[in-house]
1. Output the number of residues of the range 127-156 satisfying the condition of being under 20 Å from residue 316 (Cα atoms) and open to solvent by less than 30 Å² (accessible area, probe 1.4 Å).
2. Of the numbered conditions (1) free of Cβ contacts under 8 Å to residues at least 12 places away in the same chain; (2) more than 23 Å from the chain's Cα centre (by Cα); (3) under 29 Å from residue 386 (Cβ atoms), residue 244 satisfies every one except a single condition; which is it?
3. Please go through the range 364-395 and pick out each residue that is small (Gly, Ala, Ser) and assigned to a helix (DSSP H, G or I).
4. Could you tell me which residue of the range 327-341 is farthest from residue 297 (Cα to Cα), considering only residues that are in a helix (DSSP H, G or I) and either open to solvent by 50 Å² or more (accessible area, probe 1.4 Å) or in contact with a Gly (Cβ under 7 Å, 6 or more places away or on another chain) (or both)?
5. Do we find that residue 284 is polar (S, T, N, Q), within 19 Å of residue 380 (Cα to Cα) and in a helix (DSSP H, G or I) in this structure?
6. I need a count of the residues in the range 228-260 that are more than 22 Å from residue 205 (Cα to Cα), of a type outside the set (S, T, N, Q) and part of a helix (DSSP H, G or I).
7. Looking at (1) open to solvent by 20 Å² or more (accessible area, probe 1.4 Å); (2) among the small types (Gly, Ala, Ser); (3) in a helix (DSSP H, G or I), which is the one condition that is false for residue 344?
8. Within the range 210-218, can one find any residue that is open to solvent by less than 50 Å² (accessible area, probe 1.4 Å), outside any helix (DSSP H, G or I) and more than 23 Å from residue 385 (Cα to Cα)?
Amino acid sequence: MFRAEYGRAVSVLVRVFGDIDIAEEAVQEAFATAARRWPSSGLPPSPAGWIITTARNRAIDRLRREATREDRHAQAALLQASDEPAEEGAVRDDRLRLIFTCCHPALGPAARVALTLRLLGGLTTAEIARAFLVPEPTMAQRLVRAKGKIRDAGIPYRVPGEADLPDRLGAVLAVVYLVFNEGYLASSGDRLVREDLSAEAIRLGRLLAELMPDEPEVMGLLALMLLVESRRATRTSGDGGLVLLADQDRRLWDRELIAEGQAILRACLRRNQPGPYQLQAAINAVHSEAPAASATDWWQILRLYDQLMAVAPTPVVALNRAVVVAEVDGPEAALALVDGLDLGGYHLYHATRADLLRRLGRDAEAAAAYDHANSRTGNEAERQFLERARRGLSGTA
């Protein structure tokens, strides 16, 4: 219930009270109360409504106590709560409303994404830090500074006007994609995937597509998520273990999601305004068209990665491109590319190196790379996969 409803509840209370800290604390108190009461009393008819109502009442009680001490901030929040305006503008959904608010230009791009992941997805600071490939204390400071900036700058909690929506789009799409990625490959815990986050990201992607249907990158992101989501059922084995793309049973891929994703992709590519999300969607579309891993058109995927590097030349994109180079030109050429990247803190960098070294017969070096990868992931399913791969090396303990 927390994973499913935290973001919605915080979004509603931010709209009501105009304050992030008040909203977060009240929602957390409501969930704590639910954890005490529901085991004995049972679930209420509308658990989500119960959480929001309880949180709002707790916040009002707290603000009334503080307002008696001439706390002007509390008085202002109470006044806003008692005179809550009707929702206006293009964005009708509270969660999208808060996303656009958190993506205000006064905040830095990284802070916008991190804060929205915290408030909308209910992700922990550690999970967000892993998504950003930064230490947890760094992310904690970033979140505190972002909240302080919103408070000190008086950033309003309202839907941006139609003219402002496109300028906020880049950070909003990054938020949705990072939420999806956390669902696709959980950064911590014993489960490989978190279906709730993937579903939430796709839901937000569909709403964005309804809101801005003429933006190719919005449509590209939605197509990308649908194509990747189509493989979810085959990404884990019966015991929850990780299954690589090459080993997945493609007969079990969701063909309806694939058809929808491909149709969206064709429509947005006809606009001839290629962007990172459209190109990533195109890469996944090529994978979805191959009836078997051996039939994959790696040359076409490499050309798409070359285009992606031209518009989004990031180290992670370069790492993914190197994986394709291994299929086209062999593992030695790919390893030379990987070794030139500065991604020492990223577990998939070490996992990729380990696999390339294994394919080259350099098992001792591969074992060390697997160890580095294992120490940098918080996901138990990934750890078990890496341990099995390491045990499969010859001549290693």
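The values are calculated or read from the model by the stated rules, or taken from the named source; none is laboratory data. Fair warning: this is a prediction, and the values are worked out from it, not measured in the lab. Cβ placement follows ideal geometry from the backbone for every residue including glycine, while neighbour counts extend to all protein chains displayed. Heads up: the accessible areas ignore ligands, DNA and RNA and are worked out on the full protein's heavy atoms, side chains in. Shrake-Rupley method; radii C 1.70, N 1.55, O 1.52, S 1.80 Å.
1. 4
2. The failed condition is (2).
3. Within the range 364-395, 364, 366, 367, 368, 369, 373, 381, 389 qualify.
4. In the first step, residues of the range 327-341 are kept if they are in a helix (DSSP H, G or I); the result is 327-329, 331-338.
Pick out the ones that are also either open to solvent by 50 Å² or more (accessible area, probe 1.4 Å) or in contact with a Gly (Cβ under 7 Å, 6 or more places away or on another chain) (or both) and you get 327, 329, 332, 336-337.
Numbers: 327: 10, 329: 13, 332: 20, 336: 23, 337: 21 Å.
Per the criteria, the residue is 336.
5. Spelling it out, it is not the case that residue 284 is polar (S, T, N, Q), within 19 Å of residue 380 (Cα to Cα) and in a helix (DSSP H, G or I).
6. Residues that pass the stated criteria total 6.
7. Result: residue 344 passes all but (3).
8. As a first pass, look at the range 210-218 and keep what is open to solvent by less than 50 Å² (accessible area, probe 1.4 Å): 211-212, 216-218.
If we keep only those that are outside any helix (DSSP H, G or I) as well, we get 212.
Still in the list and also more than 23 Å from residue 385 (Cα to Cα): 212.
Yes, the range 210-218 contains at least one residue that is open to solvent by less than 50 Å² (accessible area, probe 1.4 Å), outside any helix (DSSP H, G or I) and more than 23 Å from residue 385 (Cα to Cα).
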